[in-house]
Amino acid sequence: MTDRLLAGFQNRFRPKAYEGKKPVMSELVSYGQNPDYFIVSCADSRCDPGTIFDAQPGEFFGFKSIGAIVRPYKTGTALAASLQFAINALKVKKLLVIGHTHCGAIKALHDGTDDPEIASFIDVAHEAMDEARKTQNANDAINNDEESLLRLAEKQVLLTSAKNLMTYPSVKNAVEAGNLHIESWIFDMDEGDILRFDPKTSEFVIVTGD
């Protein structure tokens, strides 16, 4: 297993990042990082933002949690410190919350789990699951089955996470000053699409690029 990782480092990463006329890592070491984005994403191994966006080193500041779940602000947490640094020191301009379909954390939220660590972390997202159920029950056009509910819940959790991000002082201050913008995205693993929440329509729509 480690041989596979080291081969990727040696054969793909190093040639791209350290060779050529302007190797990106040399630039980053000399001048420091200046990412445009802070990405909160799910810890799922299938959906790493660096992979799905084919990102270069230095493009985004990242934080992972299961389900891309963001709990309300509490001082001294890893996320609070990371946001504080990225917003105040690195001046990131966009905060993305990125989830994905077929998320194990959302399935655990739906089914329940006997794991006390997981249960205590995802409990904040029960409100999002309740909202998904209400949406499903109120809309005849939505299939009334478990998979449809999970797809709704995966999106609703992202909106709850975005809402909870506004309880972090660094985020709230930057958004209110017009220096930071929050967006909720979801990676559709079945179709290979990225969908972005549009607050004007209250729908997730496929991103075609700006």
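Only the coordinates and a few stated rules stand behind these numbers; no lab work does. None of these values were measured; they are calculated from a predicted model. Please note: Cβ atoms are built from the backbone with ideal geometry, for glycine as well, and neighbour counts cover all protein chains shown.
Miscellaneous remarks
- Residue among A125, Y31, Q156 farthest towards the positive dipole end of the chain, charges placed on Cβ: Y31
- Distribution of pairwise C-alpha distances over the chain, 5 Å bins, in %: 1, 6, 13, 17, 18, 16, 12, 8, 4, 2, 1, 0
- Theoretical ellipticity at 222 nm over the chain - DSSP helices of four or more residues, -39500 (n - 2.57) apiece, nearest 500: -12500 deg cm²/dmol
- Mean-position separation - Cα centroids, the stretch 62-81 and the stretch 128-191, in angstrom: 16 Å
- Cα Rg, Dmax (largest Cα-Cα span) when computed across the stretch 1-91, Å: 15.4, 45
- Residues whose amide H falls under 5 Å from that of G62, counting only those 5 or more places apart or on a different chain, are I39, with hydrogens built in the peptide plane.
- Separation between Cα centres of the stretch 107-121 and the stretch 1-36, rounded to whole Å: 37 Å
- The phi torsions of the stretch 86-96, fed into the Karplus equation with coefficients 6.51, -1.76 and 1.60 and a -60° offset, translate into couplings of 5, 7, 7, 9, 8, 6, 4, 9, 9, 10, 10 Hz, rounded to whole numbers, with Gly and Pro shown as x.
- Segments 13-25, 95-107, 63-75 sorted - mean Cβ within 10 Å per residue, highest first: 95-107, 63-75, 13-25
- Length available on full extension from Q84 to K163: 0.36 nm per residue minus the Cα-Cα distance, which gives 26.7 nm.
- Projected over all directions and averaged, the alpha-carbon convex hull of the stretch 142-189 occupies 4.3 nm².
- 5 angstrom amide H check on V207, placed H, neighbours 5+ away: I194, L195, R196
- Taking θ as phi - 60° and the Karplus parameters 6.51, -1.76 and 1.60, the scalar couplings of the stretch 51-65 work out to 7, 6, 9, 6, 6, 7, x, x, 7, 8, 9, x, 8, 10, 8 Hz in sequence order, x denoting glycine and proline.
- For the stretch 179-189, putting each phi into the Karplus relation 6.51 cos²θ - 1.76 cosθ + 1.60 with θ = phi - 60° gives couplings of 9, 9, 10, 9, 9, 10, 10, 9, 9, 7, 6 Hz, in residue order, rounded to whole numbers and with x for Gly and Pro.
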